[in-house]
1. Test A155 against the stated conditions and say whether it is assigned to a loop (DSSP other than H, G, I, E, B) and either charged (D, E, K, R) or closer than 26 Å to P83 by Cα (or both).
2. Under 6 Å between Cβ atoms, which residue pairs at least 6 apart in sequence (or on different chains) link something in segment 44-61 that is surrounded by 11 or more Cβ atoms within 10 Å (Cβ to Cβ) with a partner that is modelled with pLDDT under 95 and polar (S, T, N, Q)?
3. Would you mind stating whether Y216 is among the hydroxyl-bearing types (S, T, Y) and either on the phi > 0 side of the Ramachandran plot or in contact with a strand residue (DSSP E or B) (Cβ under 8 Å, 6 or more places away or on another chain) (or both)?
4. Looking at D106, D70, which is the one that is in contact (Cβ under 8 Å) with a residue 60 or more places away in the chain, surrounded by 12 or more Cβ atoms within 10 Å (Cβ to Cβ), under 28 Å from T210 (Cβ atoms) and among the acidic types (D, E)?
5. Looking only at segment 212-253, count every residue that is modelled with pLDDT under 95 and small (G, A, S) and tell me the total.
6. Does segment 110-117 contain any residue that is among the charged types (D, E, K, R), under 15 Å from F200 (Cβ atoms) and free of Cβ contacts under 8 Å to residues at least 60 places away in the same chain?
7. Pick out the one residue from T108, T67 that is outside any loop (DSSP other than H, G, I, E, B), over 24 Å from F158 (Cβ atoms) and among the hydroxyl-bearing types (S, T, Y).
8. In segment 173-197, how many are free of Cβ contacts under 8 Å to residues at least 40 places away in the same chain and of a type in the set (D, E)?
Amino acid sequence: MKELKSLLIIFLIYLGYIYILNKKESDTMLVNNSQEEYPKIEVISGEKNIIGRSKNGYTIYQINGLTYVDDILIVNKTYSLPPDYYPKNTLENAQNVISTCNKCLDKTVLKAFHQMQADAQSIGLNIYISSGYRPYFYQEKLYQNYCLKHTKDEADKFSARPGHSEHQTGLAFDLNTINDNFITTPEGKWINTQAYLYGFIIRYPKNKETETGYKYEPWHLRYVGQNLATKLYNNGTWQTIEDYYGLESTYPN
């Protein structure tokens with residue numbers, strides 16, 4: 001009888017061991033599936049022209065006037081977009097849009113945002129897109145108005161010149177209230193620590209103005225895919241695209 005009990009105990013321990021192994025494998029599969037769910041945006045088709053190398057050794061190339069590094073579209077004060085560029089993989093045709101358009105964001109970006117929005121809502125948080133895609137000429141008007149209200153040097157710290165705005169890519173947007181206090185709200189704090197899980201980054205992190213060329217914007221998200229977003233999250237310190245790839249972000253004049 002004692003021998004039977006011992007065998008039963010050994011068998012139960014074995015079952016528990018098998019369960020733990022299966023659970024670890026299942027958890028790993030879930031992580032991998034999550035990474036597959038938020039991939040980086042595909043590079044546009046066209047002839048690739050290599051224009052140089054970054055300080056960190058990455059190849060910089062252009063296709064139809066768009067600049068890429070590591071197959072990531074780069075838009076900052078150094079690298080711009082053509083005036084006639086607009087995103088194609090969208091719910092609404094962005095070609096003739098004259099102002100901001102949320103449905104003109106890339107479909108992959110919107111899918112990731114809606115999942116993030118649903119997860120935030122499940123814990124009582126309300127996040128929404130306040131400004132999505134912006135065409136070149138709309139950004140031009142915004143920038144000119146800022147220059148009239150402020151000096152050009154001041155405007156350059158918080159507003160992109162036309163062609164240099166990530167909003168034109170259809171891969172970036174502003175959340176909720178465009179205010180520095182956003183980071184102090186429950187929504188802002190959650191976004192700061194969770195956005196990378198959905199492939200988003202805080203594009204202009206705090207105290208990184210010398211790298212990005214722009215002041216801190218906790219409300220401005222850019223989609224880069226979960227793999228790169230996780231690296232840039234950097235355990236909460238938020239590394240910039242410029243620092244990671246070794247890129248400049250300065251206007252030519």
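1. Working: assigned to a loop (DSSP other than H, G, I, E, B): no; either charged (D, E, K, R) or closer than 26 Å to P83 by Cα (or both): yes.
No; evaluated as a whole, the condition is false for this residue.
2. none
3. Details: among the hydroxyl-bearing types (S, T, Y): yes; either on the phi > 0 side of the Ramachandran plot or in contact with a strand residue (DSSP E or B) (Cβ under 8 Å, 6 or more places away or on another chain) (or both): yes.
The answer is yes for Y216.
4. D70
5. 1
6. Yes; the residues of segment 110-117 include at least one that is among the charged types (D, E, K, R), under 15 Å from F200 (Cβ atoms) and free of Cβ contacts under 8 Å to residues at least 60 places away in the same chain.
7. Result: T108 is the single residue among T108, T67 that is outside any loop (DSSP other than H, G, I, E, B), over 24 Å from F158 (Cβ atoms) and among the hydroxyl-bearing types (S, T, Y).
8. Number satisfying all stated conditions: 1.
The values are calculated or read from the model by the stated rules, or taken from the named source; none is laboratory data. Because the structure is predicted, anything quoted here is derived from the model rather than measured. Don't worry about glycine lacking a Cβ; one is built from the backbone with ideal geometry, like all the others, and counts go over all protein chains shown.
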